[in-house]
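I have placed the structure first, in the form of structure tokens, so that the comments after it can refer back to it.
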């Protein structure tokens, strides 16, 4: 048993809420650290804009300490900011000043402990630099998450202002790399790009974890058995939160499936899109709205194909694809939806890549014609999920279980 204290740092407001793709990665990796037999205490510190004073919380064996962004909250009242827009230069400046204060606290912990490791999450963070500035000599591990970097890069191709922002990101990222002992990436694709751009060494890959999992084969089979109609394929569209990209997908998918023959399919659409119900003309389309975790697991279990025809970049799109893979669904996706997902993860399913909404209808018609029901598919259990994460943690901390 290692007596090291692992200090996990993130500037995200409440990563254990798992409300976005980055939250899923942060919390599940942090939880796997706490569950690893080869490590000691895990203290997770997050910089939050939602609280006025420090809050201590224990979740899944992790000791969470939320530190308020005091300068941000003060200026928010003065300037009447409604949202935490990170691309607002003044808001970003408050972030770095608040982060500097939190790194002082982290450095004080490391000075009072014999052995520490600091695991830092974040794309635009400077925590590695700040902790080194305060002479923290312990091991610093940096996980840049990568989703925000991909978003900036793709959007900068069409905007001169965002080209400047992306250039600033690259400068800050290089500082983080220089001040970190190890760097962790969510896929081999991100790792390859980082090595090509920054010549970075001592790198590791911990793949993005799936956001849900099945407790056992029995749970999966019970949920799978709730499906009654085996003569036609079931499609699932996880449309996510409200936004331009998701709205475009929902509208176009409904339009495509409206044109299909009645009785040949079932399509479930989840997310806050109940206002789209008037657009539905085909009885095979069911707009479910926002669903509970248990209902999400059931929908994944009974479905055959996961849809993600996203043709403009949005951070977190890959999380929907990872959710489909939990139940072993075949995929009908765009190239955007596969960014950040390793090819090895896709080996156990069929992947149909469409380049536009015009390609979606022929592919859907093709899979409907050739459909054969399968009682059992490869699903991902919670045990398998954490086994994958443990392997990454084992390599990262050189632990032998």
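Laboratory data are not the source of any read-out in this text; all were calculated from the coordinates shown. Values in this document were obtained by computation on a predicted structure and should not be read as measured data. Because the Cβ atoms are built from the backbone with ideal geometry, glycine has one as well, and the counts that use them run over all protein chains shown.
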Beta carbons within 10 angstrom, averaged per residue: use that to sort the peptides 167-177, 295-305, highest first. 295-305, 167-177
Nearest 10 degrees, 0 to 90: helix 357-369 Cα axis against the chain principal axis: 60
For the chain, what does the alpha-carbon gyration tensor say about shape, rounded, prolate or oblate, given a ≥ b ≥ c as the root eigenvalues, a/c under 1.5 as rounded, and a/b over b/c as prolate? prolate
For the pair residue 248 and residue 79, how long in nm is the line joining their label points, each one 7 Å along Cα→Cβ? 2.9
Using the alpha-carbon atoms, what tilt in degrees (0 to 90, nearest 10) does helix 70-79 show relative to the longest principal axis of the chain? 70
By its C-alpha gyration tensor, with a ≥ b ≥ c as the square roots of the eigenvalues, how is the stretch 217-379 shaped: rounded for a/c under 1.5, else prolate for a/b larger than b/c, else oblate? rounded
If I build a Gaussian network model for the chain, linking alpha-carbon pairs within less than 10 angstrom, which residue out of 68, 209, 54 has the largest mean-square fluctuation? 54
Length gain on complete extension for the stretch residue 203 to residue 227, per 0.36 nm per residue less the alpha carbon to alpha carbon distance? 4.2 nm
Which FRET efficiency value, to the nearest 0.05, do you get for residue 104 and residue 241 by plugging their Cβ-Cβ distance into 1/(1 + (r/R0)^6) with R0 = 25 Å? 0.10
What does the extension gain come out to for residue 348 and residue 218, with contour length at 0.36 nm per residue minus their alpha carbon separation? 44.8 nm
Based on DSSP, what percent of beta bridges with both residues in the chain are antiparallel, to the nearest 5? 10
Stretched out fully, how many nm does the piece from residue 382 to residue 356 gain, at 0.36 nm a residue minus the Cα gap? 5.9 nm
CD proxy, 222 nm, the chain: helix-only mean residue ellipticity via -39,500 (n - 2.57) per DSSP H run with n ≥ 4, per residue, nearest 500, stands at -13000 deg cm²/dmol
FRET efficiency, 1/(1 + (r/R0)^6) with R0 45 Å, evaluated for residue 93 and residue 58 via beta carbons: 0.85
If one computes the Cα centroid of the stretch 271-295 and of the stretch 297-364, what distance in Å separates the two points? 19
Any idea what the relative contact order of the stretch 217-379 is, in percent, if you count C-alpha pairs under 8 Å spaced at least 6 apart? 25
For residue 370 and residue 258, what does the FRET efficiency come to when R0 = 25 Å and r is the distance between their Cβ atoms, rounded to the nearest 0.05? 0.70
What's the angle, to the nearest 10 degrees (0 to 90), between helix 89-111's Cα axis and the longest principal axis of the chain? 60
Averaging sequence separations of C-alpha pairs under 8 Å and six or more residues apart, then dividing by the length of the chain, give the relative contact order as a whole percent. 14
Please compute the contact order of the stretch 1-50 in relative form: average sequence separation of alpha-carbon pairs under 8 Å and at least six residues apart, divided by the residue count, as a percent. 56
